[in-house]
1. With respect to residue 127, is the statement that it is in contact with a Gly (Cβ under 9 Å, 6 or more places away or on another chain), surrounded by fewer than 19 Cβ atoms within 10 Å (Cβ to Cβ), under 30 Å from residue 201 (Cβ atoms) and not hydroxyl-bearing (Ser, Thr, Tyr) true?
2. Looking only at residues that are surrounded by fewer than 13 Cβ atoms within 10 Å (Cβ to Cβ) and either touching a Leu at 6+ places or on another chain (Cβ under 9 Å) or free of Cβ contacts under 8 Å to residues at least 60 places away in the same chain (or both) in the stretch 34-52, which one is farthest from residue 215 (Cα to Cα)?
3. Restricting attention to the stretch 143-160, which residues are farther than 20 Å from residue 44 by Cα and either touching a helix residue (DSSP H, G or I) at 6+ places or on another chain (Cβ under 7 Å) or buried (at least 16 other Cβ atoms within 10 Å of the Cβ) (or both)?
4. Just give me the residues in the stretch 251-272 being buried (at least 16 other Cβ atoms within 10 Å of the Cβ) and not in a strand (DSSP E or B), in sequence order.
5. If we only count strands (runs of 3 or more DSSP E) wholly inside the stretch 180-244, which ones have 2 or more residues that are among the aromatic types (Phe, Trp, Tyr), within 16 Å of the chain's Cα centre (by Cα) and surrounded by 15 or more Cβ atoms within 10 Å (Cβ to Cβ)?
6. Just need a number here: residues in the stretch 177-225 that are of a type outside the set (Ser, Thr, Tyr) and touching a helix residue (DSSP H, G or I) at 6+ places or on another chain (Cβ under 8 Å).
7. Which of the following residues is in contact (Cβ under 8 Å) with a residue 60 or more places away in the chain and closer than 29 Å to residue 216 by Cβ: 91, 122, 155?
8. Tally the residues that are in contact (Cβ under 8 Å) with a residue 40 or more places away in the chain and closer than 17 Å to residue 175 by Cβ, restricting the search to the stretch 194-235.
Amino acid sequence: MRHILLVLSVALLLAGCASAPKLPPKSISSFSLFNTFSYEENISKAYYDPGTKTTFALVPGSHQIFFWREGKRVNVIGGIGMANTNFRALADITMGPDASVYALDSSAKNVKKFNTDGKLMATWELKNTVQPIKIALGTEQNCYVWDGAGGEIIAFNLLDGSELYRFGRFQLERVDHLYANRDYVVAYDRLRATSSIFSSLGQHITDDDGQIVYDPYNNGISLSEAGLVSKMSAAYLPMSSKPGIMTIGREVLAIVVDNRQVRLLKIDYEQVP
């Protein structure tokens with residue numbers, strides 16, 4: 001029975017991936033800094049949505065999410081409490097393809113989805129988790145959660161909240177940032193300065209230096225203290241300050257620097273004749 005359920009779960013995941021056609025390849029030519037935001041509070045990570053020009057910043061000290069749009073703070077949600085926009089322990093956030101924000105509460109063991117204005121849209125319970133502390137969205141239909149106590153990544157179906165499968169128990173010791181797209185899941189260990197790369201179905205592919213994300217065309221991008229590097233071309237940008245967590249929204253990278261600043265960089269592509 002367990003084998004049958006696993007096969008069905010994988011089939012659902014593959015169907016979700018097939019619904020979004022792959023984009024034709026493009027080669028990265030450079031990275032261009034186009035905006036910088038400074039905060040009074042410590043920021044652990046941030047996402048930027050080019051469509052709405054909104055930046056979502058995670059403030060771990062106050063368990064809050066700051067919403068900035070075109071240089072102005074437009075909303076703040078979170079804080080400790082029992083209201084639907086509060087958290088018991090806000091551990092992580094991620095952003096969906098429609099710019100929705102998914103917030104992981106490690107104490108309540110749930111995920112809350114908010115729109116770009118901070119309105120609560122949905123809540124999912126993370127069943128059979130012990131210490132969920134990192135989250136990444138694979139597609140609109142599935143997410144991945146790092147359970148620190150179990151030492152493994154758990155894939156969940158967002159349509160009904162059911163668990164799909166688990167992986168990474170013997171490959172991972174800690175995860176400081178979790179990234180996913182339709183093809184890959186990347187677990188970044190800051191102490192080792194290494195990214196463990198898995199397929200979307202949980203097979204370990206390789207370990208690579210730096211913090212790795214993928215652009216919409218599946219070009220690998222690596223961030224380290226040395227700089228920002230395209231894994232598929234010669235594009236390179238040195239870093240003037242020690243970088244923190246890097247995220248990607250469409251063709252824009254958001255990099256936290258010195259815990260108080262977010263730098264936005266556009267990914268430029270070679271022109272096809």
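We did not get these values from a lab; they are worked out from the coordinates using the rules stated. All of these numbers come straight from a predicted model, not from anything done at the bench. Cβ atoms come from the backbone with ideal geometry, glycine included; neighbour counts cover every protein chain shown.
1. Against the criterion (in contact with a Gly (Cβ under 9 Å, 6 or more places away or on another chain), surrounded by fewer than 19 Cβ atoms within 10 Å (Cβ to Cβ), under 30 Å from residue 201 (Cβ atoms) and not hydroxyl-bearing (Ser, Thr, Tyr)), residue 127 qualifies.
2. Looking at the filtered set, the residue picked out is 36.
3. 143, 150, 151, 152, 153, 154, 155, 156, 157, 158
4. 251
5. The strands (runs of 3 or more DSSP E) meeting that bar are 184-189.
6. 3
7. Residue meeting the stated conditions: 155.
8. Number of matching residues: 4.
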